[in-house]
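Some notes on the structure that comes next.
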There are 2 protein chains.
Amino acid sequence: MVRDEWFELSEQISRDELMRKRIGGVGGILSTLIHIVDVENSWIRGIQGKPDIQLQFDKYNSIQQIRNLSNSLRTEIRPFLETWKNDFEHDIVTIPWTEGLYTKGEILRHVIAHEIHHIGQLSVWVRDIGLQPVSANYIGRGLL
Amino acid sequence: MVRDEWFELSEQISRDELMRKRIGGVGGILSTLIHIVDVENSWIRGIQGKPDIQLQFDKYNSIQQIRNLSNSLRTEIRPFLETWKNDFEHDIVTIPWTEGLYTKGEILRHVIAHEIHHIGQLSVWVRDIGLQPVSANYIGRGLL
C-alpha cells in the first residue's frame, strides 16, 4: 500500500530529480524504488527455494516501468505470502546468493524492515524537492 | 540494538550537527532520536492502559541524556514486551491521546515501523556529514 502511494507521488517528480545522484542509501529516488522491489523479490524467492532473478536495473528508467515490475512480481509474491503459517517462522532455509542459514520468519522481517528503512530515506529526499512524503504511519490504514 | 548503535555513532557528531535544523522528518538528528524514544514509550504505555507521559523535549540536549532516557524507559518496556502472547494481537484498546480503537498488535507494528522509518532519515543525514550509518539490516544480528 505504501509503495503504491510512493509510485503515485513519484509520478509528479521530474525525470531529472528521479535520476539525480543523492547522498545516502542506494543514491537516488528511482534507484531506491527499484532496489526495494528487487530485494523483496530476491528474498521472497529465496524463502521458496526458487532461483534468484538478476534484474537489469538499466531497463527501468521510469516510475511506470518500476510500478509495472512491482505489480508483476507481486502476482507471485502475494499468493506465497497468503500461504504463510506460524510454523514457517522457524523453518530454516539456505539462500542461493549468500552464505549461512536463515529462518523464514527472519527473512520476512528483514524484507519489511528493508523497505521501511529505504522509504525513510525517500521521505527526506522528496521534502528536499518540496513535496510532502507519503505517510509512514502503519496505524490508520485500515489494516485490522 | 539498532538504537543503541545509533547512540554510539551519534556521540561522534558535534553538538552543532546534532542540533542543526534539517529538512524532513522531525527536523534534526537529536530531535529524531528523542521522538523515537517518546513515541515508543507513549504507545507501549497506551497498550497497557497506562496514562501518557509528556516528555519535555528541551530537557534532552545531549546524546547521553537521550540514551539515559531510553535506557530508563526500557526498564518498563522490556518486561511488558516479554509478557507478549499471540492472543494480545487482536485485543482492542483505546489510547488516551487519540480517538478510535486499535489492536495491540497493530500498535506494536506501528511502533516498530515508526522507528525504522525515522532511522532511514538519520541514515541520509549522517552520510551528509561524512559518517557511515549504522547497518539497517535485520538479518545478521543474531536475532534467531
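Structure values in brief
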{"quantity": "Residue in segment A:19-73 that is farthest from the other protein chains (Cβ to nearest Cβ), counting only those that are within 19 Å of A:Ile112 (Cβ to Cβ) and not in a helix (DSSP H, G or I)", "calculated": "A:Gln48"}
{"quantity": "Matching residues in segment A:129-144 - criterion: being within 9 Å of chain B (Cβ to nearest Cβ), free of Cβ contacts under 8 Å to residues at least 12 places away in the same chain and under 26 Å from A:Gly27 (Cα atoms)", "calculated": "A:Asn137, A:Tyr138"}
{"quantity": "Number of the exception - B:Leu108 against (1) of a type in the set (A, V, I, L, M); (2) more than 19 Å from B:Leu33 (Cα to Cα); (3) assigned to a helix (DSSP H, G or I)", "calculated": "(2)"}
{"quantity": "Hey, B:Leu122 touching a Leu at 6+ places or on another chain (Cβ under 9 Å) and surrounded by 22 or more Cβ atoms within 10 Å (Cβ to Cβ) or not", "calculated": "yes"}
{"quantity": "Check on A:Ile34, within 30 Å of A:Leu101 (Cβ to Cβ) and touching a residue at least 24 places away in the same chain (Cβ under 8 Å)", "calculated": "yes"}
{"quantity": "Residue in segment A:84-113 that is surrounded by the most Cβ atoms within 10 Å (Cβ to Cβ), counting only those that are of a type in the set (Lys, Arg) and free of Cβ contacts under 8 Å to residues at least 12 places away in the same chain", "calculated": "A:Arg109"}
{"quantity": "Per-region count, segment B:77-105, residues in contact with a Ser or Thr (Cβ under 9 Å, 6 or more places away or on another chain), within 13 Å of chain A (Cβ to nearest Cβ) and either small (Gly, Ala, Ser) or more than 18 Å from B:Val39 (Cβ to Cβ) (or both)", "calculated": "6"}
{"quantity": "Some residue of segment B:100-108 being in contact with a helix residue (DSSP H, G or I) (Cβ under 6 Å, 6 or more places away or on another chain) and of a type in the set (Phe, Trp, Tyr)", "calculated": "no"}
{"quantity": "A:Ile29 being of a type in the set (A, V, I, L, M, F, W, C), in contact with a Phe, Trp or Tyr (Cβ under 8 Å, 6 or more places away or on another chain) and under 24 Å from A:Pro133 (Cα atoms)", "calculated": "yes"}
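Condition check ((1) more than 17 Å from the chain's Cα centre (by Cα); (2) surrounded by 15 or more Cβ atoms within 10 Å (Cβ to Cβ); (3) modelled with pLDDT of 95 or more) across all residues:
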residue: B:Leu18; (1), (2), (3): no, yes, yes
residue: B:Arg22; (1), (2), (3): yes, yes, yes
residue: B:Gly28; (1), (2), (3): no, yes, yes
residue: B:His35; (1), (2), (3): no, yes, yes
residue: B:Asn41; (1), (2), (3): no, yes, yes
residue: B:Gln64; (1), (2), (3): no, no, yes
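The values are calculated or read from the model by the stated rules, or taken from the named source; none is laboratory data. Everything quoted here is computed from the prediction, not taken from an experiment. Please note: Cβ atoms are built from the backbone with ideal geometry, for glycine as well, and neighbour counts cover all protein chains shown.
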